[in-house]
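Here is the structure we will look at, set down as structure tokens.
The values are calculated or read from the model by the stated rules, or taken from the named source; none is laboratory data. Every value quoted in this text rests on a predicted model; they were computed, and no experiment measured them. Cβ: placed from backbone, ideal geometry, glycine included. Neighbour counts: every protein chain shown. Surface areas here come from the heavy atoms of the whole protein model, side chains and all, with no ligands, DNA or RNA. Shrake-Rupley method; radii C 1.70, N 1.55, O 1.52, S 1.80 Å.
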Amino acid sequence: MPGLIFDVKPYSINDGPGIRITLFLKGCPLNCAWCHNPESISPQVQKMYTKKKCIGCGSCVEECPENALTLTGDGIVTDPDLCKLCGKCAEVCPTLAIEMSGYQATVDDMMKLIRKETRTLDESNGGVTISGGEPMMQSDFLIELLDALGEEGVHRVVDTTGMTSSEKLLEVAERTDLFLYDLKAMDSDIHKKYTGVGNEKILENLKLLAKSGAEIIVRIPLIKGVNIDRKNIKASAEYIADLPGNIAVNLLPYHDIARAKHEKLEQEYESDEFEEPKLEEINRVIGQFAEYGIVANIGG
Ligand code: SF4
Ligand code: SF4
């Protein structure tokens, strides 16, 4: 069964140990207000348009077999009822103003690509990270890919929101060397406000995974106005300190870099309520984790 991929990052150094290839699978059950990869959320192929790259040549309008495109004074307008997401407009666009996000690939396709870099991955004690979106949304493809990587001795990292079936997560854990596990907020109402879902299942799965003996790094995006307050960090540290095993924490300070991608997808992006944390606030968070014996690193 093929997977739906939206990106492949070949020399990643922030998604697990060493140099890695990171595969991004499309589809996510969360809809984080600050998402850096908004094209990851929909489990379908999407068409993206960057107006400032468009030179108004009209090639896409002529090429579209569905007559879904109109060239207006304000750039290209798509009729979503007519567009079949065939991608022909993107193929002829000379400036890449139109791009498609999402393509189908088999495990064999991915393994061929990964094998070309095996030496680099091995020499750096790196491997392959499977991210998203939420890779568990394509769990059959994920399991097949993890098995193929395991057969070739490739180190496997799965980056998950934890919002998934517990049974499937444990199945994936049997073939995963390290989880990067996202934790956005400990208060379920705040979690729901900013991601669209409560956090009960996510916390339950984190505990389950820790009890299974899986190696886990909890990743916390640090966003002023959402989760950097003392109360949330204290609750996060208490929860993590209570889990079995040695769980590391990586802090990912928020940066306002998502706007351009939201514009490409013709989506609203309200980032005014979010702020990048200051260095002293990040240091305070690191100190709060240290009080619970947890080493919190920045990045990764
Ligand atoms: S993706 Fe296909 S149907 Fe949609 S606008 Fe482009 S050419 Fe037309
Ligand atoms: S083909 Fe590309 S550059 Fe030409 S009008 Fe369409 S979107 Fe704009």
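Quick notes
- Only a single criterion out of (1) within 30 Å of K52 (Cα to Cα); (2) touching a helix residue (DSSP H, G or I) at 6+ places or on another chain (Cβ under 7 Å); (3) open to solvent by less than 20 Å² (accessible area, probe 1.4 Å) is not satisfied by I228, namely (1).
- So D81, is it charged (D, E, K, R), more than 15 Å from ligand 2 (Cβ to nearest atom) and more than 27 Å from E134 (Cβ to Cβ): yes
- Matching residues, the stretch 75-118, being of a type in the set (D, E, K, R), touching a strand residue (DSSP E or B) at 6+ places or on another chain (Cβ under 7 Å) and assigned to a loop (DSSP other than H, G, I, E, B): E117
- Residues of the stretch 82-99 classified as open to solvent by 20 Å² or more (accessible area, probe 1.4 Å) and near ligand 1 (Cβ under 6 Å from one of its atoms), total: 5
- Taking residues in the stretch 227-250 that are assigned by TED's automatic domain parsing to the domain that holds E291, and partners anywhere that are of a type in the set (S, T, Y) and assigned to a helix (DSSP H, G or I), the pairs with Cβ atoms closer than 9 Å and at least 6 places apart or on different chains are N227/Y194; N227/S236; V249/S236.
- Residue in the stretch 53-60 that is within 16 Å of ligand 1 (Cβ to nearest atom), crowded, with 17+ Cβ neighbours inside 10 Å and in a strand (DSSP E or B) present: no
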